[in-house]
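A short write-up of the structure that comes next.
Every number here is computed from the coordinates shown, using simple stated rules; none is lab data. Computed from a prediction, not measured in an experiment: that's the story for all the values here. Using ideal geometry, Cβ is built from the backbone for each residue, glycine included, and neighbour counts are taken over all protein chains shown.
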Amino acid sequence: MNSYKKTTFLCRLIAALSCFALIVTAICPIPAHAAATEALSLKYNGKTVVVEAPDGSIASYKKLKNVFGTAAKQYQKDGMNAYKCKASGCSLLLEPWWADDTLNGYSVTIKITSKKAALNGIKVGMSYDSVQAKLEKKYGKSSVDAKDNEINLINVANSYIQYSFKNGKVKRIDFFHS
């Protein structure tokens, strides 16, 4: 009878450990997105500015002005200042996105067609394959939507980023943050 108790205990212990192992292996790992920890930077004419911080906040006009210079056009929209900067092959639009009693926010639109500018290290003229590989390494394959003539970054904070290609090379980079 004593060996029966030992066998039963051993069987129960093995069953419990097996169940625990199944539960641990069944838990899906949560993919770590670099987007949550990476800042999105813009480099133009040797100057760099963080356009979007890891927490999703965007750069102020003052910081963007250091890269682009004074806005070519300043105007009022929804009672707030809006700015439009143009440089050779690069344009920036900073407009109020919402304005109410509790929130003030700006949207940032950047269009790059010049080799003088880079968004997160990607420049006009880079090959499709190198851009795709660089983005997948930085943000993960699930955040890179590669199509024939464009690559879109998805699930990256509040941003829309598109790389347009012509003849296998980056022709234009579009960035929008709301």
Which net charge results when you count Lys and Arg as +1 and Asp and Glu as -1 among the other residues whose beta-carbon is under 12 Å from that of PHE165? +2
How charged is the neighbourhood of SER88? Take every other residue with its Cβ under 12 Å from the Cβ of SER88, and add Lys/Arg as +1 and Asp/Glu as -1. +3
Straight-line reach from LYS123: which aspartates and glutamates fall under 20 Å, measuring Cα to Cα and dropping same-chain residues less than 8 apart? GLU38, GLU52, GLU136, ASP145, ASP148, GLU150, ASP174
In nanometres, the difference between 0.36 nm per residue of separation and the alpha-carbon distance of PHE9 and GLU38 is 5.3 nm
Too-long pairs where the Cα-Cα distance tops 27 Å, listed order kept, from LYS77/LYS141; LYS63/LYS166; LYS77/LYS115; LYS47/LYS141; LYS137/LYS169: LYS77/LYS141; LYS63/LYS166; LYS77/LYS115; LYS47/LYS141
